[in-house]
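First the structure, in the form of structure tokens, and then the observations on it.
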Amino acid sequence: MKKLLFTIATLILASTLEAKVTLPGLFQSGMVMQRGKPIPVWGWADKGEQVSILFNKKQYSTTADDQGRWRIDLPKMKAGGPYIIEVRGEGQEVREITDVLIGDVWLCSGQSNIDVHIERVYPQYVQEIDSYENPQIRLFRVQNDTDTHGPKSDIRPTAINWKPLTKQNAWPFSAVGYFLGKRMYEKTRVPQGIIVNSWGGTPIEAWISADSLRNDYPMLLKRTEMMQSDKYVEVQRQANALASQQWQQILDGDDPGLSQQWTSPDYDDASWQAINQYDWQWRGTGTVWLRQHIQIDKAHAGKPARLLLGTLFDQDVTYVNGREVGHTYYQYPPRRYDLPEGLLREGDNVITIRFINKYGAVHFIPQKPYLIAFGDDRFSQNPLPDDIIPLAATWKMHVGTQMPACPGGDVSLQNLPTTLYNAVVHPLAPYALSGVVWYQGESNTGNPAPYADYLRKMIGCWRDLWHDQQMPFTIVQLANHDGRQQTGNPQPLTPQTEPVNSGWARLREAQRTVAKADPRAELAVILDLGETVDIHPLRKKEVAERIGLCFDRLVYNNKVKLSPEVIDVKLTGNNIQLILDQPIQEGDLYTFEVADEGKVFHNIPMPAIGKGNVITIPNPAFKPTAIRYAWKDAPQQANVRSLSGLPMSSFELKIE
């Protein structure tokens, strides 16, 4: 009997010792906590276990509830630090979180444009990035995750967990987040915490809670419910991976370019077809090889260099003089391949590209740099002219092996409704924030009609989750980009000139109207910062500056002038007058369209005139019923700007 009691006591003691107070993944050394608000700290322990926190020389205690969850709200703090947080359960060692700063915390979410890394934009800002670091700015990247079943309690471990801002730490981090932290620190001089939580290509529905969608969009939830069988998802993933692997094996085994050494600088390509990279008729799937001979002068021979191949669709493996210098497995990243010292020789050199095309039409993206750059400035956007050797648009082409379109593909749970809200939004609450950046919409341009409702629901469910109906949101409006590029069209596109019911403009309008109706939201207009041919424009510092201006108004109550807005529309004699909320740059203004009584839009034959805070538009020869501005995917002539240079948003307004 004594032995039995001893065994039971030992088990109880072991259970007590094994019990562990745990904290969410956000709570780690180096963290930044929000100033000026109560600071929630929470976690898990055994049911009924007492948990205490020692912070700033004061102790706070609570008891874990029936589910083992506990929470302590630390008092409001002024900016400062570093502090230490000590968390202790009953009879346990202390969990110590060190180097804690108090400042402002910003959550940056959306799809790939919020996630474009510093590495991608580096040539735009070489000197600034090389010379700047700041331990008062901390970076946190939420690890991508999905869940089809319901909200999770914690995020996955992440590699960038409250790292101080240095070039090395920021290299794989959001450029918008980097520049926002830098900008807000320079304005406030208090610590900045940047949490980036994004996933490329995802639609807004993935970021909304099931409760918010259930009444109005039950069919959306059924899409997610169909993928709630973990076994089915795993089998599907395995099948897709096997199909892709088999496709690749057949491709490589049948490709004569690999067996006949088409990468060799000595290979005779005289019989290959000459093609122009912007007028290329090959439309197959499989592989196609391109070669270009380039002459290197004595001054540059043997020097290290950088090969810029613009942006290619879709995959490439690139060789110089028979040596592989780089490969990229999808269409969006700029091809910037470093050539080591000694690779380039005086005289003839050969660049060989092996395109691997699983779908669509292989092509070069126009308006991108295609050159070899030398010298210390080769990493920048503007190398010295004497250190640039441009590539020709003419290449020698030979088809490798043609294949049927590659089957399979990822299951893409991240694109299903609620899956990202469940896995990477819900676990972050109630971490105290200063504001949220929402930079998304490209994936919804194909069906923009419900976007305004989706966006309202998303903002609403996030505020409900944080129990903060005053949570500030800055909505980054879509930049100018020709959405037709997304179809894989290999030809340079003629700019849109006639009125068109642009999906990009309609989505921008949804973003504009939601922001205008929400007193705790602002719109960062970046209609002038995009690239017609690239869905990922590089001027992210300027984007961050405009986000910062929005938060200046929302958070700090500054009387900041943002982009001009129309506050009234008047019919005056033969003219339409738009009354704005501020003066604008005066002169001729373009891209206005007016609708007739049949709701058909027409271009204005003459430019509008801007003066003061009024835009005067010549009245057409019919009764106008609506007016719109910059209603294109990529409106190239849109030029209404504030006196400080901020562009006006595109819009569509009725004329009463």
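The values are calculated or read from the model by the stated rules, or taken from the named source; none is laboratory data. Only a predicted model underlies this, so the values are computations on that prediction, with no experimental measurement involved. Neighbour counts run over all protein chains shown; Cβ positions are idealised from the backbone, glycine included. Calculation scope for accessible area: heavy atoms of the full protein, side chains included, ligands and nucleic acids excluded. Shrake-Rupley method; radii C 1.70, N 1.55, O 1.52, S 1.80 Å.
The residues of the range 616-641 that are among the basic types (Lys, Arg) and farther than 21 Å from residue 537 by Cβ, listed by number, are 623, 628. Scanning the range 63-102 for residues that are touching a Ser or Thr at 6+ places or on another chain (Cβ under 8 Å) and among the hydroxyl-bearing types (Ser, Thr, Tyr) returns a single hit, 98. Across the range 167-196, the number of residues qualifying as part of a loop (DSSP other than H, G, I, E, B) and of a type in the set (D, E, K, R) comes to 1.
Exactly one residue out of 174, 131 is out of contact with any Pro (no Cβ under 8 Å at 6 or more places or on another chain), on the phi < 0 side of the Ramachandran plot and either open to solvent by less than 10 Å² (accessible area, probe 1.4 Å) or aliphatic (A, V, I, L, M) (or both): that is 174. The single condition among (1) assigned to a strand (DSSP E or B); (2) of a type in the set (A, V, I, L, M, F, W, C); (3) open to solvent by 10 Å² or more (accessible area, probe 1.4 Å) that residue 41 does not meet is (3). The criterion of being among the basic types (Lys, Arg), in contact with an Asp or Glu (Cβ under 6 Å, 6 or more places away or on another chain) and either open to solvent by 60 Å² or more (accessible area, probe 1.4 Å) or under 17 Å from residue 523 (Cβ atoms) (or both) holds for residue 611. Of the listed requirements (1) surrounded by 12 or more Cβ atoms within 10 Å (Cβ to Cβ); (2) modelled with pLDDT under 95; (3) of a type in the set (S, T, N, Q); (4) under 30 Å from residue 418 (Cα atoms), residue 248 misses just one: (4). Checked against the criterion of being over 40 Å from the mean Cα position of the chain (by Cα) and either at pLDDT 95 or above or basic (Lys, Arg) (or both), the range 8-29 contains not a single residue that satisfies it.
Residues checked against (1) among the small types (Gly, Ala, Ser); (2) in a strand (DSSP E or B); (3) surrounded by 21 or more Cβ atoms within 10 Å (Cβ to Cβ):
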residue: 307; (1), (2), (3): no, yes, yes
residue: 317; (1), (2), (3): no, yes, no
residue: 326; (1), (2), (3): yes, yes, no
residue: 333; (1), (2), (3): no, no, no
residue: 338; (1), (2), (3): no, yes, no
residue: 353; (1), (2), (3): no, yes, yes
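Within the range 482-499, is there a residue that is of a type in the set (S, T, N, Q), touching a His at 6+ places or on another chain (Cβ under 9 Å) and assigned to a loop (DSSP other than H, G, I, E, B)? Checked against the condition, which is being of a type in the set (S, T, N, Q), touching a His at 6+ places or on another chain (Cβ under 9 Å) and assigned to a loop (DSSP other than H, G, I, E, B), the range 482-499 yields at least one hit. Looking across 216, 154, 254, one residue alone is over 30 Å from residue 288 (Cα atoms) and either open to solvent by 80 Å² or more (accessible area, probe 1.4 Å) or touching a Cys at 6+ places or on another chain (Cβ under 9 Å) (or both). It is 216.
Only residues that are part of a helix (DSSP H, G or I), open to solvent by less than 20 Å² (accessible area, probe 1.4 Å) and under 18 Å from residue 469 (Cβ atoms) were counted in the range 509-550, giving 2. Residues being closer than 21 Å to residue 567 by Cβ, of a type in the set (D, E, K, R) and in a loop (DSSP other than H, G, I, E, B): count how many of those fall in the range 586-645. Selection size over the range 586-645: 1. Once the range 177-207 is narrowed to residues that are among the small types (Gly, Ala, Ser), within 14 Å of residue 144 (Cα to Cα) and open to solvent by less than 10 Å² (accessible area, probe 1.4 Å), the residue that is farthest from the chain's Cα centre (by Cα) is 206. Considering the range 66-81 alone, what residues qualify as being touching a strand residue (DSSP E or B) at 6+ places or on another chain (Cβ under 9 Å) and exposed (fewer than 13 other Cβ atoms within 10 Å of the Cβ)? Scanning the range 66-81 gives 67, 75, 78. Out of contact with any helix residue (DSSP H, G or I) (no Cβ under 6 Å at 6 or more places or on another chain) and surrounded by fewer than 18 Cβ atoms within 10 Å (Cβ to Cβ): does that describe residue 482? No; evaluated as a whole, the condition is false for this residue.
What number of residues in the range 340-351 are among the small types (Gly, Ala, Ser) and either open to solvent by less than 10 Å² (accessible area, probe 1.4 Å) or in a strand (DSSP E or B) (or both)? Can you show your working first?
Looking only at the range 340-351, we keep the residues that are among the small types (Gly, Ala, Ser), and these are 342, 347.
Now drop any that are not either open to solvent by less than 10 Å² (accessible area, probe 1.4 Å) or in a strand (DSSP E or B) (or both), which leaves 347.
So the answer is 1.
Across the range 280-300, what is the number of residues that are open to solvent by 30 Å² or more (accessible area, probe 1.4 Å), touching a residue at least 40 places away in the same chain (Cβ under 8 Å) and more than 22 Å from residue 393 (Cα to Cα)? The total comes to 1. State whether the residues of the range 66-76 include one that is more than 30 Å from residue 222 (Cβ to Cβ), without any contact (Cβ under 8 Å) to a residue 24 or more places away in the chain and not aromatic (Phe, Trp, Tyr). Yes, there is a match, as at least one residue in the range 66-76 is more than 30 Å from residue 222 (Cβ to Cβ), without any contact (Cβ under 8 Å) to a residue 24 or more places away in the chain and not aromatic (Phe, Trp, Tyr). Sub-6 Å Cβ pairs linking a first residue in the range 437-466 that is closer than 25 Å to residue 501 by Cβ to a second residue that is assigned to a helix (DSSP H, G or I) and among the polar types (S, T, N, Q), at least 6 apart or interchain, are 439/113; 451/444; 452/513; 457/212, ordered by first then second residue. Of all residues in the range 280-302, those satisfying the criterion of being in contact with a helix residue (DSSP H, G or I) (Cβ under 9 Å, 6 or more places away or on another chain) and either outside any strand (DSSP E or B) or aromatic (Phe, Trp, Tyr) (or both) are 289, 299, 300. None of 363, 327 is in contact with a strand residue (DSSP E or B) (Cβ under 8 Å, 6 or more places away or on another chain) and within 25 Å of residue 279 (Cβ to Cβ) except 363.
Among the residues of the range 266-279, is there at least one that is over 16 Å from residue 397 (Cβ atoms) and either in contact (Cβ under 8 Å) with a residue 40 or more places away in the chain or of a type in the set (D, E, K, R) (or both)? Yes, that holds for at least one residue. Of the residues making up the range 614-644, just one is without any contact (Cβ under 8 Å) to a residue 40 or more places away in the chain, under 22 Å from residue 581 (Cβ atoms) and open to solvent by 20 Å² or more (accessible area, probe 1.4 Å), namely 614.
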